[in-house]
1. Scan (i) 10, 32, 34, 20, 4; (ii) 10, 29, 30, 18, 9, 3, 1, 0; (iii) 13, 46, 35, 6, 0 for the value of P(r) over Cα pairs in 10 Å bins from 0, in percent calculated from this model and give just the label.
2. Just subtract the alpha-carbon distance of Leu38 and Leu72 from 0.36 nm times their residue separation and send over the number in nm, one decimal.
3. For the pair Gln85 and Trp48, what calculated FRET efficiency results from E = 1/(1 + (r/R0)^6), where r is the Cβ-Cβ distance and R0 = 22 Å, to the nearest 0.05?
4. Between Val120 and Tyr15, what length in nm is gained on full extension when 0.36 nm per residue of separation is reduced by their alpha carbon distance?
5. Please report the net charge: other residues with Cβ closer than 13 Å to the Cβ of Val13, K and R +1, D and E -1.
6. At a probe radius of 1.4 Å, what is the per-residue accessible area of Val120, in Å² to the nearest 10?
7. Suppose we flag trypsin sites (Lys or Arg not before Pro) only when DSSP calls them loop and at most 16 other Cβ atoms lie within 10 Å. Which is the longest uninterrupted stretch of the chain?
8. Chymotrypsin sites (Phe, Trp or Tyr not before Pro), restricted to segment 23-101: which are DSSP loop and have at most 10 other Cβ atoms within 10 Å?
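The values are calculated or read from the model by the stated rules, or taken from the named source; none is laboratory data. Predicted model, so just to flag it, every value in this text is computed and none were measured. In this analysis, Cβ positions are derived from the backbone assuming ideal geometry, glycine residues included, and neighbour counts consider all displayed protein chains. The protein model used for the area step is the full one, side chains on, heavy atoms only, and it has no ligands, DNA or RNA in it. Shrake-Rupley method; radii C 1.70, N 1.55, O 1.52, S 1.80 Å.
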Amino acid sequence: MFLLGQPHHPTEVKYLSSEAVIYGDIVQGSQTDSYYNLTLKTEMGLEWAVKYCDFDFLLKADDDVFINTFKLIDYLRKPQTPKRQLYLGNVAKRSQTKRDGKWTLSYEEYEREILPKFCVGPAYVLSMDM
């Protein structure tokens with residue numbers, strides 16, 4: 001599924017409507033489609049998946065990320081791979097909190113200088129309970 005907000009241009013509305021009718025692969029929210037609304041789109045997609053899909057694991061990936069699905073499925077099928085409370089991805093450890101630039105966090109948003117461990121956004125896997 002492709003997660004989208006509202007397009008900026010009327011021509012995009014026409015193309016998206018056609019895409020949705022042909023492939024049925026668009027989940028569209030009411031928010032403006034912009035970089036700053038990525039968290040809203042992600043939340044919308046997770047809510048949609050929980051409501052409409054029956055899954056053990058969910059992969060969230062940006063459209064410019066390559067996923068080796070064969071390796072991923074092999075890994076998820078291994079007996080030692082946790083089936084619950086799984087949050088799998090490229091882990092950022094002890095990252096410095098950015099106070100300027102693209103990924104800025106103000107002191108009001110997060111006061112500590114080191115971020116907790118997290119999986120970076122381009123791709124990650126969650127178990128259903130997560």
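1. (i)
2. Details: separation 34, 0.36 × 34 = 12.24 nm, distance 2.42 nm.
Net length gain for the segment: 9.8 nm.
3. Working: r = 22 Å, r/R0 = 0.99.
Working from the Cβ atoms, E equals 0.50.
4. Values: separation 105, 0.36 × 105 = 37.80 nm, distance 3.08 nm.
Gain in length upon complete extension: 34.7 nm.
5. Details: positive: Lys14; negative: Glu12, Glu19, Asp33.
For residues surrounding Val13, the net value is -2.
6. 40 Å²
7. Values: sites that count: Lys83, Arg84, Lys93, Arg94, Lys98, Arg99, Lys102, Arg112, Lys117.
It works out to 1-82.
8. Phe66
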